[in-house]
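Readers should treat all values here as calculations from the given coordinates under stated rules, not as data from a laboratory. Quantities reported herein were computed from a predicted structural model and do not represent experimental measurements. With ideal geometry, Cβ positions are generated from the backbone for all residues, glycine too; neighbour counts draw on all protein chains shown.
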Amino acid sequence: KKNLHLFPPEKIELAKMLMEMGQSHLFEQWAEPSVDDEEKNAFFDQVARLNSSYPGGLKSYITTARELLADSKAGKNPFDGFTPSVPTGEVLTFGDDTFINYEQAGVREAKNAAFVLVAGGLGERLGYNGIKVALPAEITTGTGFLQHYIESILALQEASCRLSEGECQKEIPFAIMTSDDTHSRTVELLESNSYFGMKPTQVKLLKQEKVACLDDNDARLALDPKNKYRIQTKPHGHGDVHSLLYSSGVLKEWQDAGQKWVLFFQDTNGLLFKAIPASLGVSATKQYHVNSLAVPRKAKEAIGGITKLTHTDGRSMVINVEYNQLDPLLRATGFPDGDVNCETGYSPFPGNINQLILELGPYMEELKKTGGAIKEFVNPKYKDASKTSFKSSTRLECMMQDYPKTLPPTARVGFTVMDTWLAYAPVKNNPEDAAKVPKGNPYHSATSGEMAIYCANSLILRKAGAHVDDPVRDVFNGQEVEVWPRVIWKPKWGVTFSEIKNKVSGSCSVSQKSTLVIKGRNVFLKDLSLDGTLIIDSIDDAEVKVGGKVQNKGWTLEHVDHKDVSIPEEIRIRGFRVNKHEQLEKNYTEPDKFSLEP
Ligand code: UGB
C-alpha cells in the first residue's frame, strides 16, 4: 500500500486485483517506496502482459487453477462417468480410387485453406540446440522442415489454382505460432532465406506468452527465484494457438478473404503433406467441422489415442486421450490390461498425430463464445502423499486437440486414418532415448524421420509403376532401420498421387544404392534405369524427359556417432552423413523441351 500512490491508475488496478485474488505475498519482499522503481514498474508490465494474454485475465487463470488443483488433490478422475470405446472413422488406403478421389477434392479446396504451424515448443525430448523447424528433414538435399512446409503450401496453392475455372490469384495464408524460446530464431530463418519463396505478407507470426507458475494448492503465484519483482512463468502448451488466432484478428482476416478451412500441424513431420490433400478432401466431402488425422498406434507409443467417450448421462464425444492418460483410463473402466496391442499388433485406438482440419465458419462461431479458451489441466509433482506441497512450481496447460471438448453434440467431429509410412514420422526423441524405445515401436528420431521420407517416396514410386529395390537394414545411433533408395522430390513435382503417376511411365527402375533428386516441376521419368546418383533441376517452363541408363558410383551413407562433437549437431543426431562420390547433375534453364538419355 505504501508503494501504490507512486504508480499510474492501471497499475494500481492490477495490484488491487492481485490482492483480491489472494496474491499479497507477491509484494511482501518489496523495498521501501521509491527504491527499485524500475523493477517495480517492470513487475506491473509483466502482470499486465500475463493478464491480457489469457482469456478472462489473471483472475480467471487463478480461479481455474484453484478448481483444477483441488480436483487433482482429491484425485478426481478427469474422465469420471465416461467409458472409452473404439470410434469409427474414415480409413484410407494410399493410391486406391477412394484415396485418389479424396485427393482430387482436397486439392480443389486447398486454395480456400489456411495453414497453422505450432512451433513454440523447444523440443526438450530431442535436446537439439537450435529451433526444430530449422533442422533438415533429410540431408540428401539438406531441406529444412520449415522450407519443406512452405514449398508444400506453395505447391498446393499452384495445383489448386490450376484446377479452378478462370483466373485464380488466391494465396494460401500461413501462420506460425512461436514462443519466446523460438520467435527470434524463426524470424531470422525466414528473413535470411527470403521466406523460402513465399510472399512475406502471406506469413503471420503469432507469439504465445508463457503463463504464471503456481506455488501451492491455493494457486499462489510463484515468484521467479532469481528476481523478487518477477513472476515465474512456464509454457502453457500448444492449445494457446486457438486464442491467439482469435484475439489477433487473423481468423477474421481469413474469413473475410473467403478462406474456409484451417489446418493445424506440428513442427517436425516430414511426411505430413503427403496426407494433406486426401484428408482435406475427407473434410470437404463429409462436411466435418473437425477432422483429426490419425495413424495406427502401437500400444504405449507417445501419441494420444483417438477415443469415443460415452458418459453415463448419454453424452458422447470423439476426442484425443493423451498417451499418459489412456492406460489408467482403460484400467479403470474394465480393461485390466490397459494400453495394449490387439490381434492386429496395434492398439485398437487410432493414434492422434495432431493434424487438425477445422471448418473456419463453425470454428469462428465457437471462438466468439469461448475466446479460444481450451479446457486446461494441471500436473503438479507433489512432495508427499498429503498432496499439500509441490516439489517445484506448476502451471496450467492446454492442448490444441482438446478444442472439440467444448463443442455441442451437433458438431460434426470425425477423424481420418492413414498409413503411418505415408503420414507420420516426427523427430522428437534424442538418439539415446530413441535407442531405448521398445522393439517394434517407432523411434521418432532424426534417424527414423529421415529414413521414413526415403521409404515413403520409394513406395510411392513403386505404386506409380517403377521398380524400386528393397531396402537394406542398418543400425545408426543404436537404431535399426530400413534404408531405401534416397528418393527426394520438390513438392511442386507432385502434390497428389495422380500427378506423380502421370510423370512416371515405361519401365523405370531404381537400385537400392541410388539417390534420385527431382527439383523441377515438369520432369517426366520414362524408361529410366538408375544405379547411382541423378539430380535433375529445371525451370517451371521447361519440360524434361528423363530416361535411359544412369550408372555411377553415387552417394553413400557413412556412419557417424552422435557423441562425436566434431560433427555438426544436425548431422550427428541422425547417425550418418552423405559421402558424395559421383553423380549426374542436370539443370535445364531454358523454356523448352529436353530429353536426358545418357
Ligand atoms: N508446441 C507449442 O507450439 N507450444 C507449446 O507450448 C508446446 C508445444 P510436442 P506433445 O503427434 O506426436 C503432441 O512436445 O505435446 C508445439 C500431442 O499432444 O512435440 O508431447 C511444438 O513446437 C499428442 O497427442 O508433442 O504431443 C510442436 O510442434 C501426439 O499427437 C507441437 O506443439 C503427439 O504430439 C507438439 O509438441 C504427436
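In table form, for the structure just shown:
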| read-out | value |
| --- | --- |
| Residue exposure sequence - V504, V282 - by fewest surrounding Cβ within 10 Å | V504, V282 |
| Helix-only [θ]222 nm of the chain, DSSP H runs n ≥ 4, -39500 (n - 2.57) each, per residue, nearest 500 | -8500 deg cm²/dmol |
| Loop-exposed GluC sites (Glu not before Pro) per DSSP, neighbour cap 12 Cβ within 10 angstrom, longest uninterrupted part of the chain | 344-581 |
| Net charge dipole size for segment 482-550 [Lys, Arg +1 and Asp, Glu -1 on Cβ; Debye, nearest 20] | 60 |
| Gap separating the Cα centres of segment 92-127 and segment 129-190, nearest whole Å | 13 |
| The chain - percent relative contact order, Cα under 8 Å, separation 6 or more | 15 |
| Segment 402-481: trypsin sites (Lys or Arg not before Pro) in DSSP loop, at most 12 other beta carbons within 10 Å | K436, K439 |
| Segment 301-456 - charge dipole about Cα centre, Lys and Arg +1 at Cβ, Asp and Glu -1, debye rounded to 20 | 540 |
| Spin-label pair E191/A70, simplified geometry with 7 Å Cα→Cβ offset, distance in nm | 4.9 |
| Sorted by Cβ density within 10 Å, fewest first, the residues M317, M177, M400 | M317, M400, M177 |
| Pairwise centroid distance, computed over Cα atoms, of segment 302-321 with segment 1-25, Å | 43 |
| Potential lengthening between T388 and T344 on full extension [0.36 nm per residue; Cα-Cα distance subtracted] | 11.4 nm |
| Lysines whose Cα lies under 17 Å from that of K549, excluding same-chain neighbours fewer than 8 positions away | K513, K526, K586 |
| Entries of K391/K428; K226/K368; K59/K228; K207/K436; K132/K300; K76/K252 with Cα pairs more than 28 Å apart | K226/K368; K207/K436; K76/K252 |
| Residue-span extension gain [T98 to N41] - 0.36 nm each, minus C-alpha spacing | 14.4 nm |
| Backbone HN-Hα couplings from phi across segment 149-159 [Karplus 6.51/-1.76/1.60, Hz, Gly and Pro as x] | 5, 5, 5, 5, 5, 5, 5, 5, 4, 5, 5 |
| Cysteines (scope the chain) whose Cβ has no counterpart Cys Cβ under 4.7 Å | C213, C342, C398, C455, C508 |
